[in-house]
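First up is the structure itself, then whatever we jot down about it.
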Amino acid sequence: MKNLTGLLLVAGIVVLSACVTINIYFPAAAAEKAADKIIDEVWQLKGEQAAPQNDAPKESK
Amino acid sequence: MNKAMKKLLIAVLLLPLLAFAAADLEINTPAISSLKSAMQARHGQLAAHYANGAVGLTRDGLIAVHDANAVPLKDRQGVNSLVAAENNDRNALYREIAAANGHPEWEAEVRSTFAGRWVQKAQGGWWYQDASGWAKK
């Protein structure tokens, strides 16, 4: 049982350090996503993204 | 090892995966929203200058006058003001995004991410700076 407690303790430390790691390193992929969203709004490029959705009704013809 | 303990251990080990899944940057703050709308409004005036090469995108996520001769003399001061105002907002945007996510030190990385994405999303014919100088997209 003592071993198990130790194991849980180690697991807990691993989890905590993983969380800290996530926050310390710059989330490059998330940043790109955020940048794209903002740029689309500022440059009003949303029409291009909406285009595929407009294509959908064509199938019903 | 009893079953409950095993389950607990598995749950604890899986937690970081959840944290990864939730890793999105916060960009919905009032400050960021107001910067966005100011930049969107200004883009109406800047678009023509991007298109004729008067203004281009810089490597550091800002904009700069690329070819002043593309602008009539009387309008040049106006373009300079537009560029300065846009750069103020862009600098503020990068700073706000880093701050909104609790990491002011991310500003430089946010900026370089944006620098790449602005160029990526720029229209053909617009000018941008790369490592070797100005280039036309």
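Quick one: net charge of A:Tyr25's neighbours, Cβ under 13 Å, K/R +1, D/E -1?
-2
Once you place label points 7 Å from the Cα toward the Cβ at A:Leu45 and A:Lys2, how far apart are they in nm?
6.2 nm
Among residues other than B:Pro104 whose Cβ falls under 14 Å from its Cβ, what is the net charge (Lys/Arg +1, Asp/Glu -1)?
-3
Give me the one-decimal nm value for the distance between modelled label points at B:Asn69 and B:Asp24, 7 Å along each residue's Cα-to-Cβ direction.
Going from the B:Asn69 label point to the B:Asp24 one covers 4.9 nm.
Under a 5 Å amide H to amide H cut-off, with H placed in plane at 1.01 Å, what residues pair with B:Trp126 once short-range neighbours are removed?
Here B:Lys137 satisfy the definition.
Hey, what do the phi angles of region B:126-137 turn into as Karplus ³J(HN,Hα) couplings, whole Hz, using 6.51/-1.76/1.60 and θ = phi - 60°, x for Gly and Pro?
So the J values, rounded to whole Hz, are 6, 9, 8, 9, 10, 4, 9, x, 6, 9, 9, 7.
Can you give the mean number of other chain Cβ atoms that lie within 10 Å of the Cβ atoms in peptide B:111-118?
Mean shielding by partner chains, rounded to a whole number: 5.
Please list the equivalent ellipsoid semi-axes of region B:27-136, computed as the square roots of five times the alpha-carbon gyration tensor eigenvalues, in descending order and whole angstrom.
25, 16, 11
To make sure I understand the rule: partners must be aspartates and glutamates, Cα under 17 Å from the Cα of A:Lys33, and not fewer than 8 residues away in the same chain. Which ones qualify?
List returned: A:Glu41, A:Glu48, B:Asp24, B:Glu26, B:Glu96, B:Glu107, B:Glu109.
What is the spin-label model distance, in nm, from B:Leu9 to A:Val14 if the labels are put 7 Å beyond Cα along the C-beta direction?
For the pair B:Leu9/A:Val14, the computed spacing is 1.0 nm.
Please report the relative contact order for region B:51-137, taking Cα pairs under 8 Å with a sequence separation of at least 6, and give it as a percent rounded to a whole number.
37 percent
From the phi angles alone, apply the Karplus equation (6.51, -1.76, 1.60; θ = phi - 60°) to region B:65-70 and give each ³J(HN,Hα) in whole Hz, x where the residue is Gly or Pro.
Per residue, the Karplus-derived 3J(HN,Hα) values read 5, 9, 9, 4, 5, 6 Hz.
Please give the charge dipole size of region B:27-136, origin at the Cα centre, charges +1 on K and R Cβ atoms and -1 on D and E Cβ atoms. Round to the nearest 20 debye.
Computed about the Cα centre, the dipole is about 280 debye.
Laboratory data are not the source of any read-out in this text; all were calculated from the coordinates shown. Just so you know, these numbers come straight off a predicted model, no measurement behind them. Ideal geometry is used to build each Cβ from the backbone, glycine not excepted, and the neighbour counts take in all protein chains shown.
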